[in-house]
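**Student:** Quick one: the structure is below, and I'll ask about it shortly.
The values are calculated or read from the model by the stated rules, or taken from the named source; none is laboratory data. Note that the coordinates shown come from a computational prediction; the quantities given were computed from them, not determined experimentally. Heads up, the Cβs are rebuilt from the backbone with ideal geometry, glycines too, and the neighbour counts pull from every protein chain shown. All accessible areas refer to the heavy atoms of the entire protein, side chains included, with ligands and DNA or RNA removed. Shrake-Rupley method; radii C 1.70, N 1.55, O 1.52, S 1.80 Å.
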Amino acid sequence: MTVSITRDHGMLKVDINGTLYAPLSFKSFRPNPQNISEFYKAGVRLFSVLSSGIISALGVPYSKFGESWIGENSYDFSAIDRQMDMFIENAPDGYFAPMFQLDTRPWYLAVHPEVPNSFTHLSQIATDAAWKQAAANYLKAAICHCEEKYGERIYGYFMLGGTTTEWFSNRDHEASHPIKEEGYKKYLGTATAALPTIQELTRAGGVFLENEEENVFHARRFHAESIADLVLYFASEAQSVLHHKKLLGLYYGYLFELGGERLFNDGHLGYERVFLSPDIDMISSPSAYGYRKLDDPSAFMVTQKTLDAHNKLYFLEFDHITHIAPTMVAEPCVDANGNAALKKIPGADSKCRDAAESLNLMWRDYILCYANGAAMWWFDMFDGWFRSDEMMGAIEKMISLHQTLSGKEKQSIAQIAVYAEGESMYHVRKSSGIATVCLSDMRRSFTEMGAPYDLYSIADLDTCSSGKYRLIILLNAYEIPEARMKKIRKLQNDGAAVLWMYAPDYAHDRKNCVRQISEAVGMKVAERDKSHGGLVYSGTVIENKVAAPYFSIEDQNAIVLAYFEDGAAAVAATRDGSSIYAAVPFMPSQLLRDLVRKKGIFVYSTNPSVYTYVNADAVCVYNASDTDAVLFVPLDGVYIDQITNEAFTAERGILRLPLRGLRAYLLMRNTDFPHRS
């Protein structure tokens, strides 16, 4: 059996023996004949099969099929077999991705009391050779068993670990441990190295670490890289038996989601090496939790276009609390003291109010993925979350659309590239809050600006082709290597404009210096410790939510585009327009939209509540406003909504979509209709 990832008309699909499968899948903590067959009958052919003996953070088992790793090099794969047999019986033409949890088991912790629990304190055990080898042996044994018994039905595997199976080091908050201390000594190559104290790690102050905090910088990098190294170790071990004949994936790399201190504590900043590793084929994450309300645009947690550019599937997990989902876990949850009680499901407070809301959120995430060529799966967490004719009918329609529209081009037509990174965040104090502002919050502005954009990790800037993008946005490039700066200059010389955010190259070589910003952006930039107040644009004041340093433009040759409350220049451009500098880490969507239009980039919507997701053949729309949606389109003609089969006519570049109960549209232009030149 041969499994690979194949690009078909711009979208990555799962290629099984030459047959392409739409990357739409199913996952559940409580799979059973009913929900498996429901999704199978709806058209799903790819299924995740979670095998775990671990108790979840909710105090109930991840899987009720039981444990398969029962002792030192001792396994009972009957738990896997019972579940696989059930899936095969109820999805007879389906293909499966077993998910194995590699965390320390209770028996392991009893035998090895010197090691911490990897589920809660992953960074503290990440360099422990004995546990790593034991977990890798289990992973390989489980894969070999599945390949031998079910190999013709398996398309891939997922490696799970850390808190919530997402490789979080959730509860140690970067704290030390003897195992971690020894790993740090090896990491720095000195026997006298010592990890900083919690007080040093959480020290308040300005945004950036000072020169004397070098140990915090190195420790923070080690904290993240040790988890990335751990993931890559397990991936290498898995590939030693898979030989790249099946796909391999994990949940990881939530750069845009883990705002505040979590971005540093959870240990995902080293994601880029994992994303670019040849041993990794699939990455998954839930859809962004802060963008789930009915009037939100939805968003990715990860640098999705980097995964796509390197032919790796990104699965967005739709795990919203639908209107028929329970708010409490039906099974008694065991707390830390061994007491049983019912526990609320995370996110239950934002449960969908009715079927209309559930359906709108389902379609909104679907069109986001369709437009970006991303994969997705429906997470029926504790069974029955989608058990209604309306929702299962919607899933059947979504799968049917992938088949019907398989010949349509789904390549990106974005002229804007947004680059973000984890590396520069090692220079930042986790108490500063800047991660939330410059990464998490900016996702809303990008969607509201009304023009399509591609979201990359910084490494892809090094290979960006000249002429591909008109505008390049550097969100958090606080240290820019010389080779990358040369690449940026070449892109500028070849016609691209660069929007530099807040403090580009400010922390170069760990030497915080405003002169480095001035050299990067081509304008004189000034620094001070006192805030200039909020950014003022179009009569609105946008609060500056970060601490010092505070910057402004003091250059007579610059063209000022926006001011601070105290009158200082906040956003400006060079005379040739090749460089735009924003002295803030956050920009409102209207200012972004105006910048984009000045660069000649087509804007589909000027209403910040009408969200557009566009590719080569589709204009996808989610109308979160309380009025009709007015779109601008480059071609007149009849546009057919592929969801409802309704037709809408665009005249003189304007397409009006009436307000309706279903807020999502997947529009394609009827090419037989005459259009303006």
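One line per residue, one yes/no per condition, for (1) buried (at least 22 other Cβ atoms within 10 Å of the Cβ); (2) outside any helix (DSSP H, G or I):
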position: Phe264; (1), (2): yes, no
position: Thr322; (1), (2): yes, yes
position: Asp349; (1), (2): no, no
position: Leu359; (1), (2): yes, no
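**Student:** Which of the strands (runs of 3 or more DSSP E) found entirely inside region 612-677 contain at least 2 residues meeting this: buried (at least 21 other Cβ atoms within 10 Å of the Cβ) and in contact (Cβ under 8 Å) with a residue 40 or more places away in the chain?
**Tutor:** Filter on region 612-677 gives 619-623, 664-669.
**Student:** Has region 39-53 got any residue that is in contact with a strand residue (DSSP E or B) (Cβ under 7 Å, 6 or more places away or on another chain) and over 21 Å from Met282 (Cβ atoms)?
**Tutor:** Yes - at least one qualifying residue is present in region 39-53.
**Student:** Could you grab the pairs with beta carbons closer than 7 Å, sequence gap of 6+ or different chains, first residue in region 254-281 and on the phi > 0 side of the Ramachandran plot, second one open to solvent by 10 Å² or more (accessible area, probe 1.4 Å) and assigned to a loop (DSSP other than H, G, I, E, B)?
**Tutor:** Correct list of pairs: Gly260/Gly433.
**Student:** Further question: Taking Leu201 and the conditions (1) more than 27 Å from Asn512 (Cα to Cα); (2) surrounded by 17 or more Cβ atoms within 10 Å (Cβ to Cβ), which numbered condition does it fall short on, given that it satisfies the others?
**Tutor:** The one condition Leu201 does not meet is (1).
**Student:** Can I ask one more? Only one of these conditions is not met by Lys430: (1) touching a Gly at 6+ places or on another chain (Cβ under 9 Å); (2) more than 23 Å from Ala228 (Cα to Cα); (3) of a type outside the set (Gly, Ala, Ser); (4) part of a loop (DSSP other than H, G, I, E, B). Which number is it?
**Tutor:** (2) is the only condition that Lys430 fails.
**Student:** Next question. Limited to region 283-317, what total is found for residues that are of a type outside the set (A, V, I, L, M, F, W, C) and out of contact with any strand residue (DSSP E or B) (no Cβ under 8 Å at 6 or more places or on another chain)?
**Tutor:** Number satisfying all stated conditions: 8.
**Student:** Give region 513-551 a look and list any residue that's outside any strand (DSSP E or B) and either of a type in the set (Lys, Arg) or open to solvent by 50 Å² or more (accessible area, probe 1.4 Å) (or both), or say none.
**Tutor:** The answer is Arg515, Glu519, Gly522, Lys524, Asp529, Lys530, Ser538, Gly539, Glu543, Lys545.
**Student:** Could you tell me whether any residue of region 248-258 is of a type in the set (A, V, I, L, M), touching a Lys or Arg at 6+ places or on another chain (Cβ under 7 Å) and open to solvent by less than 30 Å² (accessible area, probe 1.4 Å)?
**Tutor:** no
**Student:** Next up: What tally of residues in region 30-44 results from selecting those that are outside any helix (DSSP H, G or I) and open to solvent by 30 Å² or more (accessible area, probe 1.4 Å)?
**Tutor:** The number of residues fulfilling the criteria is 1.
**Student:** Among the residues of region 14-26, count how many are assigned to a strand (DSSP E or B), of a type outside the set (Phe, Trp, Tyr) and either in contact with a His (Cβ under 7 Å, 6 or more places away or on another chain) or open to solvent by 10 Å² or more (accessible area, probe 1.4 Å) (or both).
**Tutor:** Adding up the residues that qualify gives 4.
**Student:** Looking at Ala435, Ala459, which is the one that is of a type in the set (A, V, I, L, M, F, W, C), part of a helix (DSSP H, G or I) and open to solvent by 20 Å² or more (accessible area, probe 1.4 Å)?
**Tutor:** Step by step, each of Ala435, Ala459 is checked, and only Ala459 is of a type in the set (A, V, I, L, M, F, W, C), part of a helix (DSSP H, G or I) and open to solvent by 20 Å² or more (accessible area, probe 1.4 Å).
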